[in-house]
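Step one of this worksheet: look at the structure below.
The values are calculated or read from the model by the stated rules, or taken from the named source; none is laboratory data. Keep in mind that what you see is a predicted model, and the values were worked out from it rather than measured. Cβ placement follows ideal geometry from the backbone for every residue including glycine, while neighbour counts extend to all protein chains displayed. Each accessible area value is taken on the protein alone, full model and side chains, heavy atoms only, with ligands, DNA and RNA left out. Shrake-Rupley method; radii C 1.70, N 1.55, O 1.52, S 1.80 Å.
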Amino acid sequence: MDQLFPPALASRKGIERRFIFGSDFPYRVPEQLTITTKNCKTEFSHGYGGLGNVWGAAVMPYSEHQLRKWPISLNELKPSYKNILRYMPISAEADNLQKKYPLFTDKPEALKRNAPTDFLLKKLTEIEHHLQRNGIEFGRARLAVDASMGEQGCRYCGHCFDGCPYQSIFNPRYLFENLQKSGLTIHKGFLVLEVREIENNVEVIAVEVSNGRTRKFTAEKVFLAAGHFATTLILARSLNLLNSPINIKSSQFFFFPPFLYKGHRYDISFTLADIFIELINPYISSEQVHLQFYSRSQIIEEQLKSLLPAFFPKNIAFDRVHIIQGFLSSEDSDSIELTLTDKYSDGSKVEIRGIENTSTHKAVKRTQSLIMTLSV
Ligand code: SF4
């Protein structure tokens, strides 16, 4: 069992990468790509399904507030949000969040609440007016997880961070496999280098990862959706932007451990986010902060064990300490600069550099102190 679901490696420094059934394949990079990083630590994924193999399944539409500076409105995005639900399951409750963040379904199904989630949602409801005055809205986490009683419905086995054995967590890989079964050809094992417009078609130049041979594909249209690094790199190569740094926005995340005064003793049964908190408070930022509340999991317990002194009764901590993961808007986050430093007929060299944002630290500190003052 430990080989299939190896215990998370946690230390005082933090939590190591999450594997899927003990494999690091989502993080592997083809040898034709050389990446150096400066002033940042980041992940690349060239595994089939990308980081969708190890994601936390949190999903939420953008709010009008988040989109106010974009050239596209929530109304224009709505049809696409609805379309996504044709192939992606969602676990959600019809709660107050839906006023600003529509559900796009009339019959939402939700995973079972565990004891601290139920307790916390009730407590937050009791102080809802106070929270609203502070720009805080809350509700059940929205997750791309099958909450039905069907074949792929969640069985509460508690391995969400190690690879879902029942395929209940949406993974783009499953979608690709279904498309393949329905007759679509999927070319695997290629690293796309460039796209070129030729007359009425588009040419895709790729290298076969196993033997380094280059190959060309021709198509009427090409949709690029390879993730922010790979898509930017393909475009940089295609436009011959050698040694030209390209700034990439990011949404920085941070963790802090809230302490519930009431302890809950329960078995680990589901370990993704339980509650979403949305925060728009000018004291923190003009931008929105998104927070996810997590209850008990093996990862959190390993982390607590590494942080607490040996004499501290671990069960008291496990029953009361939870984790909140916060995400800042790109306006408040550090950004990343990608530079294509060299290109060959069968590969590329790229440098990724972290660029600090002076707002980040203040937004993180102020978010933590506001949340920690809520006495629940
Ligand atoms: S608890 Fe997590 S790993 Fe287990 S079936 Fe549900 S979603 Fe999958």
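General observations
- Matching residues in segment 149-169 - criterion: being open to solvent by less than 30 Å² (accessible area, probe 1.4 Å), more than 6 Å from the ligand (Cβ to nearest atom) and closer than 20 Å to THR105 by Cα: GLY153
- Residue check, SER244 in contact with a helix residue (DSSP H, G or I) (Cβ under 8 Å, 6 or more places away or on another chain) and either assigned to a loop (DSSP other than H, G, I, E, B) or surrounded by 15 or more Cβ atoms within 10 Å (Cβ to Cβ) (or both): yes
- Residues in segment 185-200 that are at pLDDT 95 or above, within 13 Å of ALA219 (Cβ to Cβ) and among the aliphatic types (A, V, I, L, M) were compared, and the one that is most open to solvent (accessible area, probe 1.4 Å) is VAL192.
- Within segment 101-114, being open to solvent by 30 Å² or more (accessible area, probe 1.4 Å) and touching a strand residue (DSSP E or B) at 6+ places or on another chain (Cβ under 7 Å) holds for GLU109, ALA110.
- Summed over segment 328-348, residues that are part of a strand (DSSP E or B), surrounded by fewer than 16 Cβ atoms within 10 Å (Cβ to Cβ) and touching a residue at least 24 places away in the same chain (Cβ under 8 Å) total 2.
- Test result for TYR174, of a type in the set (Ser, Thr, Tyr), closer than 22 Å to ALA225 by Cβ, within 16 Å of the ligand (Cβ to nearest atom) and surrounded by fewer than 17 Cβ atoms within 10 Å (Cβ to Cβ): yes
- Residue-level check: of (1) within 30 Å of PHE5 (Cα to Cα); (2) free of Cβ contacts under 8 Å to residues at least 40 places away in the same chain; (3) surrounded by fewer than 19 Cβ atoms within 10 Å (Cβ to Cβ), THR358 misses just (1).
- Condition met for ASN247 (within 22 Å of the chain's Cα centre (by Cα), touching a residue at least 60 places away in the same chain (Cβ under 8 Å) and more than 26 Å from LYS122 (Cβ to Cβ)): yes
- Test: residue in segment 128-148 that is part of a loop (DSSP other than H, G, I, E, B) and open to solvent by 50 Å² or more (accessible area, probe 1.4 Å): no
- Taking first residues from segment 64-75 that are open to solvent by 100 Å² or more (accessible area, probe 1.4 Å) and partners that are polar (S, T, N, Q), the Cβ contacts under 8 Å between residues at least 6 apart in sequence or on separate chains come to GLU64/SER73.
- Segment 95-139, residues that are within 25 Å of GLY153 (Cα to Cα) and free of Cβ contacts under 8 Å to residues at least 60 places away in the same chain: ASP95, GLN98, PRO102, LEU103, PHE104, THR105, ASP106, LYS107, PRO108, GLU109, ALA110, ASP118
- Enumeration of residues in segment 217-229 that are exposed (fewer than 10 other Cβ atoms within 10 Å of the Cβ) and within 13 Å of LEU193 (Cα to Cα): none
- Of everything in segment 247-293 that is over 22 Å from ASN134 (Cα atoms) and outside any loop (DSSP other than H, G, I, E, B), the residue that is most open to solvent (accessible area, probe 1.4 Å) is ASN247.
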